[in-house]
1. If you take the residues in region 24-39 that are within 16 Å of ligand 2 (Cβ to nearest atom) and not β-branched (Val, Ile, Thr), which one is farthest from Leu5 (Cα to Cα)?
2. With touching a strand residue (DSSP E or B) at 6+ places or on another chain (Cβ under 8 Å) and of a type in the set (A, V, I, L, M, F, W, C) as the only criterion, which of Ile85, Ile47, Ile14, Ile31 stands out?
3. Please work out which one of (1) away from ligand 1 (no atom under 14 Å from the Cβ); (2) touching a residue at least 12 places away in the same chain (Cβ under 8 Å); (3) out of contact with any Phe, Trp or Tyr (no Cβ under 7 Å at 6 or more places or on another chain) is the condition Ala111 fails and give its number.
4. From the list Tyr97, Tyr101, Tyr82, which residue is within 16 Å of ligand 1 (Cβ to nearest atom), modelled with pLDDT of 95 or more and open to solvent by 90 Å² or more (accessible area, probe 1.4 Å)?
5. Which of the residues that make up region 7-23 are away from ligand 2 (no atom under 11 Å from the Cβ) and either hydroxyl-bearing (Ser, Thr, Tyr) or loosely packed, with under 15 Cβ neighbours inside 10 Å (or both)?
6. Is at least one residue of region 39-60 within 20 Å of Gln114 (Cα to Cα), open to solvent by 50 Å² or more (accessible area, probe 1.4 Å), among the hydrophobic types (A, V, I, L, M, F, W, C) and within 13 Å of the chain's Cα centre (by Cα)?
7. Search region 80-101 for residues that are closer than 19 Å to Lys8 by Cβ and among the hydroxyl-bearing types (Ser, Thr, Tyr) and pair each with any residue that is open to solvent by less than 60 Å² (accessible area, probe 1.4 Å) and within 16 Å of ligand 2 (Cβ to nearest atom) when their beta-carbon atoms are under 6 Å apart and the residues are at least 6 apart or on different chains.
8. When region 40-51 is examined, which residues are found to be in contact (Cβ under 8 Å) with a residue 60 or more places away in the chain and near ligand 2 (Cβ under 9 Å from one of its atoms)?
Amino acid sequence: MENCLFCKIAEGSIPSNKVYEDDRFLVFHDIEPAAPTHVLIIPKKHIATMNDVEQEDAALLGDLHLVAKEAAKKLGVAESGYRLINNCGPDSGQAVYHIHYHLLGGTKLGALVQHSSSHA
Ligand code: AMP
Ligand code: ZN
């Protein structure tokens, strides 16, 4: 996909600090970590958002969870605990429109959700 940051990272034309890579997935450190451990897990296939996931992607995204499990072990947070987060669309704050999961850990994580409006 042209002009997709994470497609470029997946193909290697933009560098990343890699934790794990195979033919279908890449795990790399987030450039602005929000926790002591903060990596991004992406399928190399361009899927823009959770809303664009199709039945044919079910096995891929299922296997992504196995990659996440192994990444958590490798990063030393499997036992202490971690969060796996997908942001979808504007209200979630999704900034990069190539599906990705944040794996966050290495500290006691705060509230799951912080509302940006007093009405939310
Ligand atoms: P999201 O808001 O869920 O779309 O998350 C996008 C994430 O990508 C943010 O946490 C950014 O810090 C991260 N990010 C943006 N550019 C890069 C990059 N070149 N390498 C690693 N992480 C990045
Ligand atoms: Zn992409």
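The values are calculated or read from the model by the stated rules, or taken from the named source; none is laboratory data. Here the structure is a predicted model, which is why all the values come from computation and not from measurement. Neighbour counts run over all protein chains shown; Cβ positions are idealised from the backbone, glycine included. Areas reflect the complete protein model, heavy atoms only, side chains present, ligands, DNA and RNA absent. Shrake-Rupley method; radii C 1.70, N 1.55, O 1.52, S 1.80 Å.
1. Filtering first and then ranking leaves Arg24.
2. Exactly one of Ile85, Ile47, Ile14, Ile31 is touching a strand residue (DSSP E or B) at 6+ places or on another chain (Cβ under 8 Å) and of a type in the set (A, V, I, L, M, F, W, C), namely Ile85.
3. (2)
4. Tyr97
5. The answer is Gly12, Ser13, Ile14, Pro15, Ser16, Asn17, Lys18, Tyr20, Asp22, Asp23.
6. Looking through region 39-60, none of the residues is within 20 Å of Gln114 (Cα to Cα), open to solvent by 50 Å² or more (accessible area, probe 1.4 Å), among the hydrophobic types (A, V, I, L, M, F, W, C) and within 13 Å of the chain's Cα centre (by Cα).
7. That search, which allows pairs on different chains as well, returns Tyr97/Ala48; Tyr101/Ile41; Tyr101/Asn86.
8. None; the set is empty.
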